[in-house]
Amino acid sequence: MKISTKGRYGLTIMMELANRFGEGPTSLKSIAEKHQLSEHYLEQLVAPLRNAGLVKSIRGAYGGYILSKSPEQVSAGEVIRVLEGPISPVDFTEEDDPAKRDLWIRIRDSIADVLDSTTLAQLISFQDQGKQDNYMFYI
């Protein structure tokens, strides 16, 4: 399974908001500048995150975005599903060979387990320990 830029940049947004949790809103402009990303693209990504209830927008001169829940309560799986859709390494049908279908199901479930058991708080703690210099995610 390959996570697209939507998923990777979405996690970047969420990790930045997690880093600043409790400090007030963070602008997408500041996130875009820090990570050298397109602010316009981040705006497209934050809309589904807001619709899913993962972030809240704050209007005004000092507005921006905040997490709707604490970083310990938001999993990487939630973010990826909102932006990428269902987690599945391949499309399979009931007509597929049962042995292959079982393999794909086990792979899908293992990926989902890792994503669902990894919180934003854990991701930012990895970053703080210097293990995640450029937000490279390996599954």
Quiz prompt | Close pairs (8 angstrom Cβ cut-off, 6 or more residues apart or separate chains): closer than 16 Å to residue 21 by Cβ and in contact (Cβ under 8 Å) with a residue 24 or more places away in the chain in segment 45-71, aromatic (Phe, Trp, Tyr) and surrounded by fewer than 20 Cβ atoms within 10 Å (Cβ to Cβ) anywhere | solution = 66/21; 67/21; 70/21; 71/21
Quiz item: Which of the residues belonging to segment 10-20 are touching a His at 6+ places or on another chain (Cβ under 7 Å) and either farther than 20 Å from residue 75 by Cβ or outside any helix (DSSP H, G or I) (or both)?
Solution: none
Quiz prompt | From 33, 39, residue being loosely packed, with under 15 Cβ neighbours inside 10 Å and farther than 15 Å from residue 5 by Cα | solution = 33
Quiz item: Could you list, in sequence order, the residues of segment 61-75 that are closer than 19 Å to residue 32 by Cβ and either basic (Lys, Arg) or modelled with pLDDT under 95 (or both)?
Solution: 61, 62, 63
Quiz item: Looking only at residues in segment 1-31 that are of a type in the set (A, V, I, L, M, F, W, C), at pLDDT 95 or above and touching a Phe, Trp or Tyr at 6+ places or on another chain (Cβ under 8 Å), which one is nearest to residue 112 (Cα to Cα)?
Solution: 11
Self-check item: Single residue of 114, 90, 79 found to be at pLDDT 90 or above, among the hydrophobic types (A, V, I, L, M, F, W, C) and farther than 22 Å from residue 35 by Cα
Solution: 114
Quiz item: If we scan segment 29-39, do we find a residue that is of a type in the set (Gly, Ala, Ser), in contact (Cβ under 8 Å) with a residue 40 or more places away in the chain and over 19 Å from residue 123 (Cα atoms)?
Solution: no
Quiz prompt | Residues (more than 14 Å from residue 120 (Cα to Cα) and either surrounded by 12 or more Cβ atoms within 10 Å (Cβ to Cβ) or touching a Gly at 6+ places or on another chain (Cβ under 6 Å) (or both)) located in segment 8-28 | solution = 25, 26, 27, 28
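The values are calculated or read from the model by the stated rules, or taken from the named source; none is laboratory data. What you are looking at is a predicted structure, and each value in this text was computed from that prediction instead of being measured. Glycine also receives a Cβ, built like all others from the backbone with ideal geometry; neighbour counts cover every protein chain displayed.
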